[in-house]
Amino acid sequence: MRNSILILLSLLLYSSTATAQIAINEVLGDPARDWDGDGAVNARGDEWVEIINLGAVAVDLQDYWLRDDSSYLPDYGLSGLLAAGGVKVVYGSDVTAWQSDRGWLETGFGINNSGGDRIYLMSGPYSEILDYQILEQVWVGDHEAEDDRSSGRDPVTGEWVLFDGLNPYSGSQTPQGNGCAPTPGGSNACEQPVPDQTTSFGAMKATYR
Ligand SMILES: [Ca+2]
Ligand SMILES: [Ca+2]
Ligand SMILES: [Ca+2]
């Protein structure tokens, strides 16, 4: 009897750990540069959401889904294997391509630039009745969805912070800025922002004035 209880407990523990492995790691809702590298700045295509595998084993991303607050339908179905500790970025252009393949409206994520939005991570088989399990939801506030600011999980504390290195935030809302640049597709380590060409050129001209 005691053994069966132990087995049951470890099974419960295993399944709760397994479902909690995949998490939203970073969100950029208001792009002002070419984040997806297709040569154009596009308000829809250059948004991105990054996910992370916080667990100790690789996870098959089939039946994991992302969406924002505008619809109960998934905006995007994840796929592929994500290694333990690995991160994966999904650009708005990946989302519109996925939607186009299905003959759906190409809305992308459509993360609101004002007034806030939510990004949901869901799991479960594709469901006509939208019967997905919501694993996590992340609020994206107005001050977070500003030009080239992302918000994400601090890799050390696990707290949600604002990566405002490309567009510093001086207000008082949380999450507060950390002065670091966004890191699409990479761990949320603090990267010092690299001045873009416009800034460098402007600064250069200013020195000759
Ligand atoms: Ca682009
Ligand atoms: Ca947006
Ligand atoms: Ca990142």
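The values are calculated or read from the model by the stated rules, or taken from the named source; none is laboratory data. Computed from a predicted model, the values in this text were never measured in an experiment. Cβ coordinates were reconstructed from backbone atoms using ideal geometry, including for glycine residues, and neighbour counts include every protein chain displayed.
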Test set (1) within 16 Å of ligand 2 (Cβ to nearest atom); (2) touching a residue at least 40 places away in the same chain (Cβ under 8 Å) - D75 fails condition number: (2)
Looking at this structure, is V156 more than 16 Å from ligand 1 (Cβ to nearest atom) and surrounded by 15 or more Cβ atoms within 10 Å (Cβ to Cβ)? no
Quick one: would you say A145 is within 16 Å of ligand 1 (Cβ to nearest atom) and over 12 Å from L66 (Cα atoms)? no
For I119, are the conditions met, namely being of a type outside the set (K, R), under 15 Å from W65 (Cβ atoms) and surrounded by 17 or more Cβ atoms within 10 Å (Cβ to Cβ)? yes
Can you run down the residue pairs with Cβ atoms below 6 Å, 6 or more apart or on separate chains, where the first is in the range 110-128 and at pLDDT 90 or above and of a type in the set (D, E) and the partner is away from ligand 1 (no atom under 16 Å from the Cβ) and not in a loop (DSSP other than H, G, I, E, B)? D117/V140
Any residue in the range 50-69 that is within 16 Å of ligand 1 (Cβ to nearest atom), among the hydrophobic types (A, V, I, L, M, F, W, C) and under 14 Å from G108 (Cβ atoms)? no
For the range 122-142, give me the residue count where each residue is within 21 Å of W65 (Cα to Cα) and assigned to a loop (DSSP other than H, G, I, E, B). 9
Take the range 34-56 and flag every residue that is assigned to a loop (DSSP other than H, G, I, E, B) and within 13 Å of ligand 2 (Cβ to nearest atom). W35, V41, N42, A43, R44, G45, D46, E47
